[in-house]
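Novice: Before I ask anything, let me first share the structure, which is written out below as structure tokens.
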């Protein structure tokens with residue numbers, strides 16, 4: 001079966017040699033393709049290859065329809081804008097996840113090469129952190145979510161004061177936290193409706209699956225593995241899969257829990273409308289007294305609402321304005337000067353019906 005190299009996934013089996021510029025095959029037939037093989041094919045501008053109709057695990061291979069906006073392979077993602085780099089990593093995550101679905105082991109060097117250059121752009125992340133949800137699409141929410149959690153978790157680790165090695169590890173944990181979803185039926189992950197009770201039970205197994213996929217990887221630190229297993233635990237013991245509480249939950253997992261909840265609230269999904277980031281932060285403030293670590297929530301809110309005076313915003317009634325004062329005790333409820341009435345100042349603390357829906361660049 002002749003397919004485009006962009007349609008390949010790990011586990012595809014070559015049935016014909018891929019020839020380079022020499023007489024020696026670039027990749028010989030019968031090779032089971034890995035992510036590295038696919039990258040090589042794309043770097044050598046190999047357009048089409050002949051592969052088996054079955055994958056290495058025996059499943060039928062169904063090439064996905066190529067998107068019109070498929071991006072070309074990038075030699076050095078750091079040369080891209082931050083948003084382009086983000087989308088590049090989302091596509092890489094999608095390819096990795098398809099490999100995990102087909103039974104391939106997690107390749108930590110590949111994950112590191114994919115993720116670390118993006119996380120190291122901390123200055124760009126700081127500038128884009130509030131608008132990160134605008135990058136996502138509801139159709140590919142799952143793949144965007146995991147990349148965004150890696151970014152948000154690393155950023156929160158950075159704001160908490162962890163050294164670079166640690167906040168990178170926290171980002172790793174966020175990136176791999178949902179890898180166990182590869183063991184769940186795709187129809188459940190990609191559904192466009194609310195889950196049934198039985199499907200919810202199955203989804204709640206994914207932290208355990210994620211841990212099983214990572215527990216024997218020698219290059220992954222134990223703290224990262226714990227965070228992967230515990231990222232849905234809650235401070236009051238109401239989380240899963242172990243029902244842990246307070247001091248029994250690893251500090252990395254507490255960070256990922258906040259970032260996971262925040263991103264899930266602010267992103268539009270096929271069966272759920274998005275909330276504004278400021279609304280999401282107010283929800284986190286409510287949850288900090290029961291389910292979330294209040295210290296982590298406090299640091300997250302300070303990092304997400306540190307807007308300078310003059311920042312332009314849009315309110316829930318569609319009025320535009322700019323921030324003129326922020327009370328650090330109520331950072332989601334600043335004082336706003338309305339654009340159309342230059343002398344009118346609105347104190348959002350006195351108007352619970354209003355909230356900021358967007359920050360305008």
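Read the figures in this text as sums done on the coordinates, not as results from a lab. Remember, it's a predicted structure, so these values are computed and weren't measured experimentally. Virtual Cβ from ideal backbone geometry, glycine too; neighbours counted across all protein chains shown.
Novice: Express in whole angstrom the spacing between the alpha-carbon centres of the stretch 29-62 and the stretch 283-357.
Specialist: What the calculation gives is 50 Å, centre to centre.
Novice: Can you give me the Cα centroid spacing of the stretch 195-254 and the stretch 105-180 in angstrom?
Specialist: The distance from the Cα centre of the stretch 195-254 to that of the stretch 105-180 comes to 18 Å.
Novice: Separate question: Report the Stokes-Einstein translational diffusion coefficient (µm² s⁻¹, integer) for the stretch 35-171, Rh taken as the Kirkwood radius over Cα pairs, at 37 °C with viscosity 0.692 mPa s. Display every interim value, and only then the final one.
Specialist: Values: Rh = 16.5 Å.
Calculated translational D: 199 µm²/s.
Novice: With a 10 Å cut-off between alpha carbons and a GNM built on the chain, which of 61, 252, 262 moves the most?
Specialist: Evaluated over the chain, the most mobile residue of the options is 61.
Novice: While we're here: Show me 142-150, 277-285, 5-13 ranked by packing, highest mean number of other Cβ atoms within 10 Å first.
Specialist: Ranked from most to least packed, the peptides come out as 142-150, 5-13, 277-285.
Novice: Shifting gears a bit: Taking R0 as 51 Å, what FRET efficiency do you get between residue 185 and residue 343 from their Cβ-Cβ distance, rounded to the nearest 0.05?
Specialist: The pair residue 185/residue 343 has a calculated efficiency of 0.30.
Novice: For the chain, what does -39500 (n - 2.57) per DSSP helix run (n ≥ 4), summed and divided by total residues, give at 222 nm, in deg cm²/dmol to the nearest 500?
Specialist: Details: 13 runs with 148 residues, N = 361.
That comes out to -12500 deg cm²/dmol.
Novice: Enter the angle in degrees (range 0 to 90, nearest 10) between the Cα long axis of helix 277-287 and the first principal axis of the Cα atoms of the chain, meaning the one along which they spread out most.
Specialist: The helix 277-287 is inclined about 80 degrees to the chain.
Novice: Roughly what angle does helix 108-119 make with the longest principal axis of the chain, taking Cα atoms, 0 to 90 degrees, to the nearest 10?
Specialist: Result, in degrees: 40.
Novice: Between helix 251-266 and the chain, what is the angle of the helix's C-alpha long axis to the longest principal axis, kept within 0 to 90° and rounded to the nearest 10?
Specialist: 80 degrees
Novice: With all pairs of different alpha carbon atoms counted, what Kirkwood hydrodynamic radius in Å does the stretch 74-304 show?
Specialist: 17.6 Å
Novice: Next question, about the same structure. Want the number for residue 269 to residue 327: 0.36 nm per residue separation, take away the alpha-carbon distance, what's left?
Specialist: Computed gain between residue 269 and residue 327 is 17.6 nm.
Novice: What number does the stretch 268-361 give for Rg over Rh if you use C-alpha atoms and the Kirkwood radius?
Specialist: 0.99
Novice: Further, regarding this structure: How high is the relative contact order of the chain, in percent, counting Cα pairs under 8 Å that sit 6 or more residues apart?
Specialist: Reported as a whole number, the value is 11 percent.
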